[in-house]
Amino acid sequence: MLHKLYHQGGYLPFTGASLRFRLMACITNDIVINQKKAVLEFGAGISTIIFARLIKMNNLDTKIVTVDHSAEWISLLQKMLSDEGLNQYVTFVHAPIVKSTDLEFSFEYESAAVTKALSDAKFDVVVIDGPIAWSSDKRMSRVSNIKYFINNLDARYTIFVDDTERRGEKVLLKQLQKKLGIAPVKIDPTFASFTKGQNFGFEI
């Protein structure tokens, strides 16, 4: 399903930190069949390039805002996007990681950078795959993302959460369910989604 998106441009370095193929397919399905317009991505990577390629290939009226802590990583991705003529589809937000003042075991994106970038924007797709949260001292880091987008959701949206087998992400799912009033759909043991509004099915 994703063959064209992975192989239409330069080589993409798929690693263990990358979004898995099934989750990537669910997100691209959702963007296309539900005509999503604004994607907010926490954690830049191969997914950023795949989504940009999808927008260009299908001539979609969709934009991406991607938040990441590493200026060097953002610079590399910008170069890859530029080489393929995809820069216009992605806005990067560089937000360094700082220790959370309101949540234990959390190193979150720097608040001023994220809130300024999002301001009054509305998003109908949110992908949570950052910041780094694999170690015990950072396990709650992705829970901190909620405050950045909870008031920036469109009336119809989908939220995708990766790494849901981990302790911190399990808390993230519970917090989102409480705040949204929507139960998560476990697509498999490692990721889940929340959907509001009338949408065509995107799961595989």
remark   = Descending packing, highest mean Cβ count within 10 Å first, for 36-49, 124-137 is 36-49, 124-137
query = So what's the net charge close to N152: Lys and Arg +1, Asp and Glu -1, counting the other residues with Cβ under 10 Å from its Cβ?
reply = -1
key: Karplus-derived HN-Hα couplings along region 111-128 (A = 6.51, B = -1.76, C = 1.60, θ = phi - 60°), whole Hz, x at Gly and Pro   = 4, 4, 5, 6, 5, 5, 5, 7, 6, 9, 5, 10, 10, 10, 9, 10, 10, 10
note = Taking every DSSP bridge whose two residues both lie in the chain, the antiparallel percent to the nearest 5 is 40
note = In terms of the charge dipole of region 144-187, which places +1 on Lys and Arg and -1 on Asp and Glu at the beta carbon, the residue among Y148, V161, G181 farthest towards the positive end is G181
key: Three-way shape call for region 1-88 based on the alpha-carbon gyration tensor, with the a/c threshold at 1.5   = rounded
ask   = With each pseudo-label sitting 7 Å past Cα toward Cβ, what's the R156-K99 distance in nm, one decimal?
value = 4.5
key: Size of electric dipole in region 1-131: Cβ of Lys, Arg +1 and of Asp, Glu -1, about Cα centre, debye, nearest 20   = 500
Mean Cα-pair separation over length for region 75-134, i.e. relative contact order, pairs under 8 Å, 6 or more apart, % = 24
message = Classify the chain from the C-alpha gyration tensor, please: rounded if a/c falls under 1.5, else prolate or oblate depending on whether a/b exceeds b/c.
response = rounded
Under 16 Å from the A113 label point (7 Å along Cα→beta-carbon), backbone N, region 28-59 = 41-45
ask   = With the radius of gyration and the Kirkwood radius both derived from the Cα set of region 76-186, what is their ratio Rg to Rh?
value = 0.98
message = List the residues, sorted by chain then number, that are 5 or more residues from L153 or on another chain and whose placed amide H is less than 5 Å from its amide H.
response = F123
Chain lengthening between R20 and V171 when straightened (0.36 nm per residue, less Cα-Cα) = 52.2 nm
key: Per-pair calculated FRET efficiency, R0 = 35 Å: T190 and Y6 via Cβ, rounded to 0.05   = 0.95
message = Below 8 Å between Cα atoms, with a sequence gap of 6+, how large is the relative contact order for the chain in percent?
response = 19
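FYI, it's all coordinate maths here, none of it is from the lab. Predicted model only: the values in this text are computed from it and were never measured. Don't worry about glycine lacking a Cβ; one is built from the backbone with ideal geometry, like all the others, and counts go over all protein chains shown.
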